[in-house]
1. Which condition breaks for residue 191 when tested against (1) modelled with pLDDT of 95 or more; (2) surrounded by fewer than 18 Cβ atoms within 10 Å (Cβ to Cβ); (3) of a type in the set (Val, Ile, Thr)?
2. Could you go through the range 90-98 and let me know if any residue there is part of a helix (DSSP H, G or I) and either within 22 Å of residue 45 (Cα to Cα) or open to solvent by less than 40 Å² (accessible area, probe 1.4 Å) (or both).
3. Say we look at the range 161-188 and pick out the residues that are among the polar types (S, T, N, Q) and under 24 Å from residue 99 (Cα atoms); which of these is most open to solvent (accessible area, probe 1.4 Å)?
4. Do you know which residues across the range 134-175 are within 17 Å of residue 62 (Cβ to Cβ) and within 9 Å of the chain's Cα centre (by Cα)?
5. In the range 33-45, what residues are at pLDDT below 80 and either surrounded by 12 or more Cβ atoms within 10 Å (Cβ to Cβ) or in a helix (DSSP H, G or I) (or both)?
6. Taking the range 48-65 as the search range and keeping residues that are open to solvent by 90 Å² or more (accessible area, probe 1.4 Å) and at pLDDT 95 or above, which one is farthest from the chain's Cα centre (by Cα)?
7. Out of the residues in the range 114-149 that are in contact (Cβ under 8 Å) with a residue 24 or more places away in the chain and acidic (Asp, Glu), state the one that is least open to solvent (accessible area, probe 1.4 Å).
8. Report yes if residue 70 is more than 18 Å from the chain's Cα centre (by Cα), open to solvent by 60 Å² or more (accessible area, probe 1.4 Å) and not hydroxyl-bearing (Ser, Thr, Tyr), otherwise no.
Amino acid sequence: MDEVKDTTRRIGCITYTKAAVNEIQYRLSRHLGRDEFEDKFDVGTIHSFCLNNIFRPNHWRLDAFRDGFDVLTPDDERYKELIASVIDEHSLDGRASENFELLFRGRPPPYNITAAAASDYWHQLEENNYIDFNGIIYYAARLVEANTFLSAGLAAAFAWLLVDEFQDTSEYQVQILDSIVSHHRTKFFIVGDPGQSIMSFAGGRPDLMADFAAQIDAREDGGLSGNF
């Protein structure tokens, strides 16, 4: 906090759940006061970080979203209707509806969703200018890869990025972080335990934590013995 206090730069706090986001925001607002906290901290999930800092300001650079977009959450009726139509069109088991949230481009689909059904699902999202949670990460990574000035802007904006639950980070998420690292302006603090990785079914890759730590020449002699 002292490093950024008298500068235009900020601290990004990326965690895995909304509950953790709320807890961090509560503690910071009590410690700093709401005005200073909101000015200097960007606290959110990886999806909100990518949506607010990459995708939303730059969606027009992608042909599929040139005219705008809507984020479809799993409880959105439009999301449920789209999935129902794909299940019907491809004669899938109705229970497959629970696994569409696990679809990642570039990875095999869950056992009860065919490759053709997955492709149809993504096509229908784009046709209707919809984006799901995993699509936010995917398209943010594409934008950063195609426009290096975007990661340069993020590196200029954030003096620190703190990333929790790194053992469940996906390759697209690391691709975004790698692009920020390349500008040598941002410091990182990552927390994770490969032995507690529980999101491999959703694209999480614990091996990426060691690779990323080596890339940023991180110290690895720290440990957390409890929940603080």
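1. (1)
2. Yes - at least one qualifying residue is present in the range 90-98.
3. 173
4. Correct list: 134, 136, 137, 138, 140, 172.
5. If the condition is that a residue be at pLDDT below 80 and either surrounded by 12 or more Cβ atoms within 10 Å (Cβ to Cβ) or in a helix (DSSP H, G or I) (or both), then 34, 35, 36, 37, 38 are the ones that fit.
6. It comes out as 60.
7. Checking each candidate, the answer is 132.
8. When the stated conditions are applied, residue 70 does not pass them.
The values are calculated or read from the model by the stated rules, or taken from the named source; none is laboratory data. Quantities reported herein were computed from a predicted structural model and do not represent experimental measurements. Every residue, glycine among them, receives a Cβ derived from its backbone with ideal geometry; neighbour counts consider all protein chains shown. Please note that ligands, DNA and RNA were not included when accessible areas were found on the heavy atoms of the full protein model with its side chains. Shrake-Rupley method; radii C 1.70, N 1.55, O 1.52, S 1.80 Å.
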